[in-house]
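Enquirer: Below are the structure tokens for one structure; questions will follow.
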Amino acid sequence: MKTKKFFILLPLLLLTACQNQASHNNHISKKENSALIAKNKQKKLKEKRENFIYHGKLSPQDKKKLAKMNITAFGDSIMEGCKEDYQILFPKIQVDAGVSRQVSSVISELQNKSLPNTILIGLGTNGPFSKDQFDTIMHLIGTKREIYFINTNVDQDWQEEVNDVLATGSKQYSNVHVIDWNQYAAGHEDWFWDGIHPNIEGRQIMVDFVGRNIIADEKY
């Protein structure tokens, strides 16, 4: 009798087990599908962001938002040459730039300087700066402000070193953003007076590129 009951119950037990497994697999499948959808959405958003930065154009609304931003910018002769263009796109910007400037002078200025929430730094044309110097800048500015570093485009031995320091730093600090001027300007000798300093057309192109990088974080 017990044997008979067992053979009657066995199919029911197997059916229940199969249903439970199917339900579990379905739960996993839905979870994996949701993760895949989120991943694809993030990928498309990243592609849209990159396309806007490298091929897009600032809209009137973008320019209105940029015009309201309080920004302090530190740079060398390249930024000094673009100063008027920066002031047109960012009317509230404070540009602190000079010829032949090194990163060490900016570090000393940061010691006692009151700073807004957005910082723009364009250095590395006149010489390298180390990871230690980068970390010192981050220590002085902090992690609560958004910091945009324009990487360097100069035919010198230290170009790769500077750009590597910035790329590494952007992975270490979530508030650090690298504006890849080196990549964007590649092959555009017509944008420069001497291969380093932007000419009239190049200045406008560079500043618009900086603007698109900054507003992209809000748009995407």
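The values are calculated or read from the model by the stated rules, or taken from the named source; none is laboratory data. These figures come from a predicted structure and were not determined experimentally. Positions of Cβ are backbone-derived with ideal geometry, glycine not excepted, and every protein chain shown enters the neighbour counts. Quick note on the areas: whole protein, heavy atoms, side chains included, nothing else; ligands and nucleic acids left out. Shrake-Rupley method; radii C 1.70, N 1.55, O 1.52, S 1.80 Å.
Enquirer: About its Cα centre, how strong a charge dipole does region 51-96 have in debye, to the nearest 20, once Lys and Arg get +1 and Asp and Glu get -1 at the Cβ?
Expert: On the way: 7 positive and 6 negative charges, 85 e Å.
Around 400 debye, computed over region 51-96.
Enquirer: Report the net charge of residues surrounding residue 168, where surrounding means a beta-carbon distance below 13 angstrom and charges are Lys +1, Arg +1, Asp -1, Glu -1.
Expert: On the way: positive: 131, 171; negative: 132, 135, 160, 161, 164.
Taking every Cβ under 13 Å from that of residue 168, the sum is -3.
Enquirer: Restricting to Cα pairs below 8 Å that are 6+ residues apart, what does the relative contact order work out to for region 65-133? Please round to a whole percent. The partial results should precede the final answer.
Expert: Values: 102 pairs, mean separation 29.5, N = 69.
Here the relative contact order equals 43 percent.
Enquirer: Can you tell me what percent of all Cα-Cα pairs in region 18-138 are more than 21 Å apart?
Expert: For region 18-138, the fraction of Cα-Cα distances above 21 Å is 61 percent.
Enquirer: On to the next question. Please work out the Cα center distance from region 161-207 to region 127-158, rounded to the nearest Å.
Expert: After rounding, the separation between the Cα centres reads 13 Å.
Enquirer: Taking 45 Å as R0, compute the FRET efficiency from the Cβ-Cβ separation of residue 168 and residue 61 and round it to 0.05. Mind dumping the intermediate values first?
Expert: Numbers: r = 34 Å, r/R0 = 0.76.
After rounding, the FRET efficiency stands at 0.85.
Enquirer: Can you tell me which of 118-131, 59-72 comes out highest on packing, and rank the rest after it, using the mean Cβ neighbours within 10 Å? List each step's numbers first, then the result.
Expert: On the way: 118-131: 20.9, 59-72: 14.4.
Per-residue Cβ counts within 10 Å, averaged per peptide and sorted highest first, yield 118-131, 59-72.
Enquirer: Heavy-atom accessible area of residue 135 with all protein chains present, probe 1.4 Å, nearest 10 Å²?
Expert: Estimated to the nearest 10 Å², residue 135 gives 40 Å².
Enquirer: Still on this structure, please answer the following. From the alpha carbon gyration tensor of the chain, can you work out the equivalent ellipsoid semi-axes (sqrt of 5 times each eigenvalue) and give them in Å, largest to smallest?
Expert: Values: eigenvalues 572, 79, 58 Å².
Those come to 53, 20, 17 Å.
Enquirer: OK, next. Using +1 at the C-beta of Lys and Arg and -1 at the C-beta of Asp and Glu, which of 141, 187, 163 has the Cα lying farthest in the positive direction of the dipole of region 117-220?
Expert: Checked the options; the winner is 141.
Enquirer: Next question. Work out the length of the dipole vector of region 77-117 about its Cα centre, built from +1 on the beta-carbon of each Lys and Arg and -1 on the beta-carbon of each Asp and Glu, and round it to the nearest 20 debye. Don't skip to the end; give the middle numbers.
Expert: Values: 4 positive and 5 negative charges, 24 e Å.
Roughly 120 debye for region 77-117.
Enquirer: Given labels modelled 7 Å from the Cα in the Cβ direction, how far is it in nm from residue 35 to residue 220?
Expert: 2.5 nm
Enquirer: Right, another one. Nearest 20 debye, what's the magnitude of the dipole of the chain about its Cα centre given +1 on Lys and Arg Cβ and -1 on Asp and Glu Cβ? Numbers along the way, then the final one.
Expert: On the way: 28 positive and 26 negative charges, 515 e Å.
The calculated dipole for the chain is roughly 2480 debye.
Enquirer: At a Förster radius of 35 Å, what calculated FRET efficiency corresponds to the Cβ-Cβ distance of residue 190 and residue 94, to the nearest 0.05? Write out the running numbers ahead of the final one.
Expert: Numbers: r = 31 Å, r/R0 = 0.88.
It comes out at approximately 0.70.
Enquirer: Taking the DSSP beta bridges in the chain as the whole, what percent of them are antiparallel, to the nearest 5?
Expert: Details: 1 of 18 bridges.
Antiparallel bridges: around 5 percent, rounded to the nearest 5.
Enquirer: How high is the relative contact order of region 84-220, in percent, with contacts defined as C-alpha pairs under 8 Å that are six or more residues apart? Please list the in-between numbers first.
Expert: Working: 151 pairs, mean separation 30.1, N = 137.
Relative contact order, region 84-220: 22 percent.
Enquirer: For the pairs 57/92; 48/144; 30/171, note any where the Cα-Cα span goes beyond 24 Å.
Expert: 48/144; 30/171
Enquirer: Separate question: Report the FRET efficiency, 1/(1 + (r/R0)^6), for residue 199 and residue 145, where r is their Cβ-Cβ distance and R0 is 30 Å, rounded to 0.05. Intermediate values should be presented prior to the final figure.
Expert: On the way: r = 32 Å, r/R0 = 1.06.
About 0.40, to the nearest 0.05.
Enquirer: At a probe size of 1.4 Å, how large is the accessible area of residue 219, to the nearest 10 Å²?
Expert: 90 Å²
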